[in-house]
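Accompanying notes for the structure given below.
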Protein chains: 6
Amino acid sequence: MTAALDALRTITTGTITTILLKKGIRRCWMAGAMPFGFSGKRVVGPAFTLRFVPVREDLATPASWSNPISTRSAIEDMPEGCIVVADAMGVTSAGIFGDILCMRMVKRGVSALITDGVMRDKHGIMGTGLSIWCAGVAAPASVNQLTFVGWNESIACGGCAIFPGDIIVADDDGAVVIPQALVDFVASEGAEHELLESWLVQEVEKGEKLPGLYPPNEDNKKRYEDWKKKR
Amino acid sequence: MTAALDALRTITTGTITTILLKKGIRRCWMAGAMPFGFSGKRVVGPAFTLRFVPVREDLATPASWSNPISTRSAIEDMPEGCIVVADAMGVTSAGIFGDILCMRMVKRGVSALITDGVMRDKHGIMGTGLSIWCAGVAAPASVNQLTFVGWNESIACGGCAIFPGDIIVADDDGAVVIPQALVDFVASEGAEHELLESWLVQEVEKGEKLPGLYPPNEDNKKRYEDWKKKR
Amino acid sequence: MTAALDALRTITTGTITTILLKKGIRRCWMAGAMPFGFSGKRVVGPAFTLRFVPVREDLATPASWSNPISTRSAIEDMPEGCIVVADAMGVTSAGIFGDILCMRMVKRGVSALITDGVMRDKHGIMGTGLSIWCAGVAAPASVNQLTFVGWNESIACGGCAIFPGDIIVADDDGAVVIPQALVDFVASEGAEHELLESWLVQEVEKGEKLPGLYPPNEDNKKRYEDWKKKR
Amino acid sequence: MTAALDALRTITTGTITTILLKKGIRRCWMAGAMPFGFSGKRVVGPAFTLRFVPVREDLATPASWSNPISTRSAIEDMPEGCIVVADAMGVTSAGIFGDILCMRMVKRGVSALITDGVMRDKHGIMGTGLSIWCAGVAAPASVNQLTFVGWNESIACGGCAIFPGDIIVADDDGAVVIPQALVDFVASEGAEHELLESWLVQEVEKGEKLPGLYPPNEDNKKRYEDWKKKR
Amino acid sequence: MTAALDALRTITTGTITTILLKKGIRRCWMAGAMPFGFSGKRVVGPAFTLRFVPVREDLATPASWSNPISTRSAIEDMPEGCIVVADAMGVTSAGIFGDILCMRMVKRGVSALITDGVMRDKHGIMGTGLSIWCAGVAAPASVNQLTFVGWNESIACGGCAIFPGDIIVADDDGAVVIPQALVDFVASEGAEHELLESWLVQEVEKGEKLPGLYPPNEDNKKRYEDWKKKR
Amino acid sequence: MTAALDALRTITTGTITTILLKKGIRRCWMAGAMPFGFSGKRVVGPAFTLRFVPVREDLATPASWSNPISTRSAIEDMPEGCIVVADAMGVTSAGIFGDILCMRMVKRGVSALITDGVMRDKHGIMGTGLSIWCAGVAAPASVNQLTFVGWNESIACGGCAIFPGDIIVADDDGAVVIPQALVDFVASEGAEHELLESWLVQEVEKGEKLPGLYPPNEDNKKRYEDWKKKR
């Protein structure tokens, strides 16, 4: 899989969604999870999941923060290079993490944090350098609205199902999930698709009309194949 | 706890929410879960939870329906007298169960099914006699939109956190969850609250004005205490 | 205005919205406020407004229920024949009134209660006989989500502005507000409109085609005028 | 196709969605379109589409109601037995039709009216006897919020694409659309599916457990085949 | 109309909405369509419309991309200087166009693309230099959620009705539509309004109070007229 | 209170929400009100409230703009140093203020404007230098959707209740409200909380694990106290 992951580093999330559609998969782009305070970054890695449910006021006590089931314990379990995907149920009025927890994730070698919820302490978390895809910021802490219940479980995030070990790719168009069994297929088809698109851009740049070109008809398929050989 | 559960059978969901608020709990009423095709029923029992995440098209195959993790296996694990609470993420365009699964739940002695999602096969499920609180009906099956991932886990339902073993009460005003540790408190305070409300109704019926009566001032507290003794 | 109010008792809310549109008024039907547990009732009367804002937890104490600004005081200020319109900000997870307060409104001669929010204690409030247009029921009391802040102020309800003294009409199609200055206009135009519609129904019943009939062309206008004279 | 349409009259919308999923079609159930004031009705027929866009105030004049492009002209073009599907963009605050237009549709032999919007004049339209699937009622007329722009065009309705001539089936679980090219497939597979479900209901009624039964394993497939032969 | 279009180049969208309100038009600003990756641009031109409906999985095949009804054909029909307005039904999880189609629109001289949906391939489309007003980006292509059905039809966009040939103006406050028949009125009234506002800004800058100034009373109207003469 | 207000200038909105939660207050962060066109600003001050209800077309006339109840009169009543909080009911399609009114607020010494609605004339208002927290921009004026009804009343804003004189704090994580009675508590607890967080950041920076550190166990509490003494 390492070769496939390397290949995915040069394939856009847009192309990945197109390739997955060939396999009948439409639910792969996580609504709400957009780049936070940066542009141009790309990340690829296996999903490490976090799960929240709504808050219940009798459980959201200071004592609970030292529970064995806590975001703190989850973070200490994150392997280097993983991409954390947090199911915040799309809640946008409580930030799931601030600077201290983000800083610890960086120390542990986490590649990125992706959530359909929001963050808090905007300046602090930007200072940690963690790559984050989220739906914005809010001042209240997660306990204002959410209860953390576990990690490495199947979760929902932005309308997608995410299973531990699925491969996540994120760039400026957002974050997508690739089922483990399809990673090789996406990597090889995706590379070809990127090549075709680069040829199409050249042709349109030259003034070619779209019908017959994109998607290519027989003539244009041949021209494309010729171009590929000459590269 | 049996005595407390019995007491809860005569306490309305409205009163329960008022008593829980005294303990700072506001998140106890499940939005979306309303009585389905009946009126006047009341149920009380421990929660047995089901959890769904969004569908992923590569997993929603006929083969998957025979998985060890399936709604079928979950149903065979349901104890008599439990109240099933299903986290359908509020999805209203795919019915989580139809007549066959509801019929089996009845056979197993399930007290009620409660969900923030919807059902399918309206006539069939009404024919099974299962007590259901839900957000309506839809023709598509759960696999159209949802993937079942487990049972007896902590879940979200209608904006509430539900933990296995929490006590659920449902009537025509909807369904509420009582944390296990507060069941005795709610049962005893609730009984007193219902008694006060019955006296208040009498007083208003006689033409009493509301200020000073509800909530009662010192004079009216005394009148109420006298009434209680004479009953 | 009494004659106009009497005339409005025979004019549907649908017709009223059509007449108001002639004056450029589109915001007159209150979204969410639908008949609660009955069908066929009609009410007409001046608006008595109630206003809620979101709950703030430091103010939602038992002590607050005895405040001079409370729903209890507001109810004692309601004049006979008024129609209470409550701005609940469209909140559907806390019931603004239960049986005791509804019963007192009935005692004071209130014609109807209209809200973009919900009620609680479904069976109790239906027992009081109060005519209610609302968005459903919920078990929690208003203090779970809302703070009452005043009466006879301008309010929002279901996307409409309501000013104290505006005339409210409600039937099975919902509730509408008529600005005071337009009551006479709506009453007279509305009566004529209802007459035209009754003639149109007869014509369609006979098998007439719609184009040229509804709205009537010159020929059909003449036929309608002849029919009016002969009645 | 007549035979297929006849077969569809005994197949539930629930079963149809399951059969369409085998062909990869998930977008076939129209959100919002539910039975209006009746239960137990079933309709089958080809779609006749209506399309609305938002209102523009300069066009919503009385003069416009006599335009060649009007709902009146569309109705006169409706063939007997068609099922009218109206794209109201899910708007729930303006009723697209009242009693007069519904009465005319009945005269023309329309089988049913289906919309993701709402109706107006609840009592009047129920009196016409037209079968309606919609999202409720509102007092204002369509011109309050919507402009009618054409008929027999491709439309959106409740999250589905509807093309003129698609086959529509509606029952108490809502309304579904079957692409013309798949009607025969759905009719034959659906009949078999209904038969299997009736056998499953019997088995569960006898006390059979679900795993291995639904979906059936090899043993149960054989038992089902035996049962089919003996019928 | 050319003179009017030129005049509109110096009138803000804010002023245009104010002038249109004088004619009773409130539905003229397209919700969701905001400047994409730039600030300070202004465009004016006639609308060229595109229409999408929800995806249907049997039609979203590679073969369909070569249909005579495709976005490719629509683009080849776009006249120089037009403003493309795309009805994406407010869908924010599938990008309607990427770099290749945007590049072709630039080649054809399209002035701007406006949609209530989203784009894909953020960096690619910004590289083309096309002026875009939209609701953001998403990785999936339009076929993930939408089906293209036609061009130069009446459409909905962001809560407005758009008819081919309406005049569109867009700036940093968003995009507005001017009915063709009102273009001259808006242009002349708008110019006067901008002048008044520039005088008002000066007066407030000097420390004048608002009541009596904005809107101006008789004294201030005179002062404004004097100022106009002296300019 | 002056000392408390000064202390609040160094306490983040995030910390304030955490301290308020200790008093059971969760509703203190205003959804929708985010920094407009700047970063890094902080404001603290007493709330001056404005209230809007939906537009009613018969009242939205030019004559009304000279009413004694108008935004113009409200602005002339604003005290120096206040923070204006405007209840726009979360409406995002009409801008409540443009450059002229914002400029006048600056002249009157208003510290900031906070709303759950939107602004208009983006460039003009940024030119005034007023600090604004809002939900974006729209071209139409407030009269397109809203009617102004009063100032210094209790209001709703972004899901919070705001009472005149409450203390408002806003920074890049949004805007929060502190009940007057809790200002001293929040100021003193908040300062201690900020100090603890700065120590925690150092510890995590050194590579400390989270469990036992945050929240601190007995050992870490002692280390923190030692650190405090040595500062």
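Bear in mind these aren't lab numbers, they're just calculated from the coordinates by the rules spelled out. Every value quoted in this text rests on a predicted model; they were computed, and no experiment measured them. Here Cβ is always computed from backbone atoms with ideal geometry, including for glycine, and neighbour counts include all displayed protein chains.
Around the amide H of E:Val85, modelled in the peptide plane, lie the amide H atoms of E:Phe48, E:Thr49, E:Leu50, E:Ile114, all under 5 Å away and 5 or more residues distant in sequence or on another chain.
Shape class of region D:76-169 from the alpha-carbon gyration tensor: oblate, with a/c at 1.5 or above and b/c at least as large as a/b.
Mean residue ellipticity at 222 nm from the helices of chain D, using -39,500 (n - 2.57) per DSSP H segment of n ≥ 4 over the full residue count, to the nearest 500 deg cm²/dmol? The partial results should precede the final answer.
On the way: 7 runs with 75 residues, N = 231.
Calculated mean residue ellipticity at 222 nm is -9500 deg cm²/dmol.
Between F:Thr2 and A:Lys230, the distance separating the two model label sites (each 7 Å from Cα on the Cα→Cβ line) works out to 8.1 nm.
Charge tally for E:Met34 (other residues, Cβ to Cβ under 11 Å; Lys, Arg +1; Asp, Glu -1): -3. Near the amide H of A:Gly150, within less than 5 Å, lie the amide hydrogens of A:Arg51, all on another chain or at least 5 residues away, with H placed in the peptide plane.
Compare the peptides E:185-198, E:216-229 by average per-residue count of other Cβ atoms within 10 angstrom and give them in order, highest first.
Numbers: E:185-198: 17.6, E:216-229: 12.5.
The peptides rank, most packed first, as E:185-198, E:216-229.
Each of F:Gly129, F:Gly150, F:Trp227 was placed along the dipole of region F:89-231 (beta-carbon charges, centred on the mean Cα), and the one lying farthest toward the positive end is F:Gly129.
Nearest 20 debye, what's the magnitude of the dipole of region F:97-213 about its Cα centre given +1 on Lys and Arg Cβ and -1 on Asp and Glu Cβ? Present the calculation step by step, with values, prior to reporting the outcome.
Numbers: 7 positive and 16 negative charges, 161 e Å.
Taking the Cα centre of region F:97-213 as origin, the dipole is about 780 debye.
Derived scalar couplings between HN and Hα for region A:109-119 equal x, 5, 6, 6, 10, 10, 8, 8, x, 10, 9 Hz in order, rounded to whole Hz, by the Karplus curve 6.51 cos²θ - 1.76 cosθ + 1.60 (θ = phi - 60°), x for Gly and Pro.
Scalar couplings 3J(HN,Hα) for region E:194-199, obtained by applying the Karplus form with A = 6.51, B = -1.76, C = 1.60 to θ = phi - 60°, are 4, 5, 4, 5, 5, 5 Hz; x denotes Gly and Pro.
Counts of other chain beta carbons within 10 angstrom of each beta carbon in peptide B:212-221 average 2.
Shielding of peptide B:22-34 by partners, expressed as the average count of other chain Cβ atoms within 10 Å per residue Cβ, is 5. Classify chain C from the C-alpha gyration tensor, please: rounded if a/c falls under 1.5, else prolate or oblate depending on whether a/b exceeds b/c. Judged from the Cα gyration tensor, chain C comes out prolate (a/c at least 1.5, a/b above b/c). What would the Debye equation give as log₁₀ I(q)/I(0) for the protein assembly as shown at q = 0.08 Å⁻¹, counting only Cα atoms as equal point scatterers? Computed log10 I(q)/I(0) values: -1.09.
Computed on region B:150-202, with alpha-carbon pairs under 8 angstrom and 6+ residues apart, the relative contact order is 19 percent. Relative to the longest principal axis of the Cα atoms of chain E, helix E:13-22 runs at roughly 70 degrees.
Which whole-number percent gives the relative contact order of region B:120-179, counting Cα pairs below 8 Å spaced six or more residues apart? Please report the intermediate quantities before stating the final value.
Details: 40 pairs, mean separation 13.5, N = 60.
Result for region B:120-179 is 22 percent.
Count, for each residue of D:131-140, the Cβ atoms from other chains sitting within 10 Å of its Cβ, then give me the mean as a whole number.
Mean partner-chain Cβ count within 10 Å for D:131-140: 5.
Under 14 Å from the Cβ of C:Asp116, count the other residues' Cβ atoms, weight Lys and Arg +1, Asp and Glu -1, and hand me the total. Intermediate results must be reported in sequence, preceding the final value.
Numbers: positive: C:Arg27, C:Arg51; negative: C:Asp87.
Cβ neighbours under 14 Å give a net charge of +1.
Classify region E:1-129 from the C-alpha gyration tensor, please: rounded if a/c falls under 1.5, else prolate or oblate depending on whether a/b exceeds b/c.
Numbers: a/c = 1.87, a/b = 1.62, b/c = 1.15.
Prolate shape, in that a/c is at least 1.5 and a/b is the bigger ratio.
With R₀ set to 56 Å, the beta-carbon distance separating C:Lys22 from E:Ser66 gives a calculated FRET efficiency near 0.65. Karplus-derived 3J(HN,Hα) values for region C:71-81, using 6.51 cos²θ - 1.76 cosθ + 1.60 with θ = phi - 60°, are 4, 4, 5, 4, 4, 5, 9, 6, x, 4, x Hz; glycine and proline are entered as x.
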